[in-house]
Structure formats: structure tokens, C-alpha cells
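Structure record follows, encoded as C-alpha cells.
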Amino acid sequence: MRRILSVVLIGLALMPGFGCKDSPLKGSVRLVVASPDFPPLELVLNDEAVHRLDGPGDSAYARVDAKSFALAIREAGTTVPFYGLPVVVDRNADYTAFVAGDLTAPSVSWVKDDNEPAGGDLFKYRVYNGVKGDERFDVYVIQRDEKFEDALPAVLGIPYANRTAYLTRDPNRLRIIATLAGDDTPLAEIEFDATEDLVRTFLLVENSAGEVEILALRDSG
């Protein structure tokens, strides 16, 4: 039986010259590894490797200086990408590529981010499911002192390699709980101190032991 795991907060790792550690750059692209089945990867912009990523939840923003560029993902230490495409972007926006699957069957979900705080004293978040397989997950986002038995899921039945739209709720000391869709047994859980000026991505991943984890990635400062 998969065990409930404690919180793992992933700070954004940034290469020197690509920005500060407190917030992503405007005009940037981020690669997020959402599977334990990849070897170390490199995010490549215009044929230049800009960051190495070593495992699930590892992520990085890199500056985008041009309106169009070539995005590629390759195994670290190799020269031939397993995924690549030309991209036209808004230089004042941020983008995320979620990478699930494995080298033989990668699944890349490419999305323009909305990293502006929700305003109105609301906490803003989204959920991405990187747990490979046919299982779908419900996700609860509740106050720490709220009874799970009385709560309703914020996300219903999210399938593999899919993400939600941005959602909001009152910020505070929150519990994020994942269950199998339609089941009320917690499968993975984290506790998280949310404030209204943050945007987060909650990433469901499966580690090499077959345990589901929830990672909290910082999307904006």
C-alpha cells in the first residue's frame, strides 16, 4: 500500500545569469520533471544547454530573450534531443513544460503560465498529475484544522499527464491531500503555509518505490 508522505517543498533552481532565486524572470521558460523514469535531463534553448534536471520535481526557469526560439529536451551528456519544437512566445510571459513518461514515450505538456497573484486575499494554485498509469486522483486543499471527512475535493479525477486551470482559495496553513478518484482514503498529503502573494503548482509524482508524493513548486514571487 502506498504510504502517505510528508511535505516536500521544491525551490526553483536557477542557473547563474538567468535570474534571482526569489522569483522567475518575466520572459522565461521552465522545464518541470514529473516522472522518476527519466535520467538527468537538460533544457536546451537555441542549441545551448541552460540547465540540468536530476529528478522528479526538479525545475528551472531560463530567460527568453527573443520572441521565437528552439526548445529541446535531451538526456544530459548527449547531443540528440528526444523532444524539440520551435516556439513563439510573449517575451513578457512565463511558460512551463511538464515532462512525464520516459525517454521512449515522453509526454510534454507546454503551457503559458499566469503567475500574477489572484488578489483579493486569495491563494492561487494549480495541480499537475505526473503519476503514470490509468489511475485518476482527487485533490483536497483544506485548512489545517478542517476535518477531512467533512471536506469536498477541489480537483476531481485528474488523469495522468494533465493539469488543472488555476484555482483559488483562502490562504492559511493548508493541507493538500490526494486520494484515488472516488475514494476517501488519503494517499499522499502535505502541509503548506499559503499566502495570497504566491502562486504554486502542486505536482503529483510517483517515486521509485511506487509511492505517490505531492511536491509544491513555486511559480512566482
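The values are calculated or read from the model by the stated rules, or taken from the named source; none is laboratory data. A quick note: this is a predicted structure, and the numbers were derived from the prediction, not measured. Note that we place each Cβ from the backbone using ideal geometry, even for glycine, and neighbour counts take in every protein chain shown.
So which of 52, 74, 91 ends up being farther than 14 Å from residue 31 by Cα and of a type in the set (Lys, Arg)?
91
Do the conditions hold for residue 201, that is, is it surrounded by fewer than 22 Cβ atoms within 10 Å (Cβ to Cβ) and not assigned by TED's automatic domain parsing to the domain that holds residue 62?
Spelling it out, it is not the case that residue 201 is surrounded by fewer than 22 Cβ atoms within 10 Å (Cβ to Cβ) and not assigned by TED's automatic domain parsing to the domain that holds residue 62.
Checking residue 133 against (1) over 12 Å from the mean Cα position of the chain (by Cα); (2) within 20 Å of residue 101 (Cβ to Cβ); (3) at pLDDT 95 or above, only one condition comes out false. Which one?
Here residue 133 clears every test but (3).
Can you pull out every residue in segment 31-50 that is more than 18 Å from residue 100 (Cα to Cα) and in contact with a strand residue (DSSP E or B) (Cβ under 9 Å, 6 or more places away or on another chain)?
Passing the criteria: 45, 46, 47, 49, 50.
Starting from residues that are without any contact (Cβ under 8 Å) to a residue 40 or more places away in the chain and not basic (Lys, Arg), keep the ones in segment 173-204 and report whichever is nearest to residue 150 (Cα to Cα).
Of segment 173-204, the ones without any contact (Cβ under 8 Å) to a residue 40 or more places away in the chain are 173, 175, 177, 184-185, 193.
Then drop every residue that is not not basic (Lys, Arg), which leaves 177, 184-185, 193.
Details: 177: 13, 184: 11, 185: 13, 193: 21 Å.
Top of the filtered list is 184.
Residues in segment 102-122 that are closer than 29 Å to residue 207 by Cβ and over 18 Å from the mean Cα position of the chain (by Cα): how many?
The total comes to 3.
Is it the case, given these coordinates, that residue 132 is over 26 Å from residue 171 (Cα atoms), in the same structural domain as residue 176 (by TED's automatic domain parsing) and not aliphatic (A, V, I, L, M)? Don't jump to the end; show me each part of the working.
Working: over 26 Å from residue 171 (Cα atoms): yes; in the same structural domain as residue 176 (by TED's automatic domain parsing): yes; not aliphatic (A, V, I, L, M): yes.
Yes: the conditions hold for residue 132.
For segment 165-194, name all the residues that are in contact with a Leu (Cβ under 6 Å, 6 or more places away or on another chain) and of a type in the set (Val, Ile, Thr).
If the condition is that a residue be in contact with a Leu (Cβ under 6 Å, 6 or more places away or on another chain) and of a type in the set (Val, Ile, Thr), then 168, 179 are the ones that fit.
So which of 32, 108 is at pLDDT 90 or above, under 19 Å from residue 131 (Cβ atoms) and among the β-branched types (Val, Ile, Thr)?
None of the other options fit; the residue is 32.
Residues of segment 51-73 being among the aliphatic types (A, V, I, L, M) and touching a strand residue (DSSP E or B) at 6+ places or on another chain (Cβ under 6 Å), which ones?
Scanning segment 51-73 gives 53, 60, 62, 64, 70, 71, 72, 73.
Could you list, in sequence order, the residues of segment 81-113 that are among the small types (Gly, Ala, Ser) and surrounded by 17 or more Cβ atoms within 10 Å (Cβ to Cβ)?
Our first condition is that a residue be among the small types (Gly, Ala, Ser); within segment 81-113, this holds for 84, 93, 97, 100-101, 105, 107, 109.
Within segment 81-113, 97, 100, 101, 107 qualify.
So, in segment 84-101, exactly how many residues are more than 14 Å from residue 203 (Cα to Cα) and among the hydroxyl-bearing types (Ser, Thr, Tyr)?
Number of matching residues: 1.
Tally the residues that are in a strand (DSSP E or B), among the hydrophobic types (A, V, I, L, M, F, W, C) and either farther than 24 Å from residue 52 by Cβ or over 16 Å from the mean Cα position of the chain (by Cα) (or both), restricting the search to segment 81-101.
Going through segment 81-101 one residue at a time, the tally reaches 3.
Name the residues in segment 182-192 that are surrounded by 15 or more Cβ atoms within 10 Å (Cβ to Cβ) and assigned to a loop (DSSP other than H, G, I, E, B), would you?
Within segment 182-192, 187 is the sole residue that qualifies.
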